[in-house]
Each structure stands twice: as structure tokens, then as C-alpha cells.
1. If each of Lys4 and Ala93 carries a label point 7 Å out from its Cα toward its Cβ, how far apart are those two points in nm?
2. Per the 1.4 Å probe, what fraction of the accessible area of region 56-108, in percent, lies on carbon and sulfur atoms?
3. Quick check for you: with a 1.4 Å probe and neighbouring chains kept, what is the accessible area per residue of region 1-80, in Å²?
4. Return the FRET efficiency for the residue pair Leu36, Phe69: r is the Cβ-Cβ distance, R0 is 25 Å, and the value is rounded to the nearest 0.05.
5. Where does the Debye-calculated log10 I(q)/I(0) of region 1-40 sit at q = 0.22, 0.31 Å⁻¹, using only Cα point scatterers of equal weight, no solvent?
6. If Lys and Arg each add +1 and Asp and Glu each add -1, what is the summed charge of the other residues whose beta carbon sits under 14 Å from the beta carbon of Glu52?
7. Students sometimes get this wrong: rank Lys4, Lys58, Lys103 by accessible area, probe 1.4 Å, all chains present, largest first.
8. Can you give the accessible area of Arg92, probe radius 1.4 Å, in Å² rounded to 10?
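The values are calculated or read from the model by the stated rules, or taken from the named source; none is laboratory data. Because the structure is a prediction, the values reported are computed rather than measured. Positions of Cβ are generated from backbone atoms using ideal geometry, with glycine treated the same way; all protein chains shown enter the neighbour counts. Accessible surface is based on the protein model in full, side chains and every heavy atom, while ligands, DNA and RNA are left aside. Shrake-Rupley method; radii C 1.70, N 1.55, O 1.52, S 1.80 Å.
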Amino acid sequence: MADKVTFELVLPERLLVAVDADMVVAPGAEGDFAVLPGHQPMISVLRAGAVEVYDGDKLTRRIFVAGGFAEVSADRFTVLAEHATPADQINRAALKDEIETAKAAVAAAGADEAKALAAGEFLAYLEQMNEAPAA
């Protein structure tokens, strides 16, 4: 069994993160879950939230994802996300404007449940980014 898990976060246009870590915590659709070396294989849907990468007991990276999918094997953890932002790259002033725009989109969604759900999830993503401390 390896002593690290290889973590990759992949966006449609590029590989955002590729590191070896002691533990990675992800926002699963059913709740947060941690991946350690030797984890059982699994696939999970991710909700909007923070993926946290640890070296020992130290948080080394926090990346916000707007949902996606996770694939876990004994030595590898891959997250596929359409949108992701490292915590240290968040522009809080611009983010406040995006939150207001997202709130207006949710209010205007009306009876289209799929549109309202998507807008609500994106709003939750933006608000989490705005409230969370940088890594």
C-alpha cells in the first residue's frame, strides 16, 4: 500500500491540480468524505463545496468546486469538475457581484425547476467561496 494518494482535479480545459497527498476531503452529494491511501474504489457525485488537500495534518490546498464527479481507487483520487477555483485566487470584491447576479437568476428562474436548481447550486458555491477562509 502506498503512503500517499495521488490527487488530480481536472477541468474540461486543463489539469488544475496534480499532487500526492496524505488525505483529500471532498464534498460528496451525500456528505463530505475523506480519501486516504488504500481507500476502497468508488465513484461519487460532488456537490458545490471545498476540496481540501492535506499533507500530514496540515491543510495545504483548498479548491472550491461547483459540483462534479469523483473517482477513487486505492492509490488515486480524481475529481472531474466543470468549475473550480483555488481559495487563494478568489477575488472577494468581484465575488460579491457574482453572488448578487446569481441571486437575481434564482429569483427569475420561475417555474423551471431544473434552471432554479442549477442556479441555486451555483449560488451556494459562490456563497461558500465568499465565506470560507483562504488555504
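1. With each label point 7 Å from Cα toward Cβ, the separation is 3.8 nm.
2. Accessible surface attributable to carbon and sulfur in region 56-108 totals 49 percent.
3. 52 Å²
4. 0.80
5. Evaluating at q = 0.22, 0.31 Å⁻¹ gives log10 I(q)/I(0) of -0.79, -1.03.
6. -2
7. Sorted descending by solvent-accessible area, the residues read Lys58, Lys103, Lys4.
8. In the full protein context, Arg92 sits at about 80 Å².
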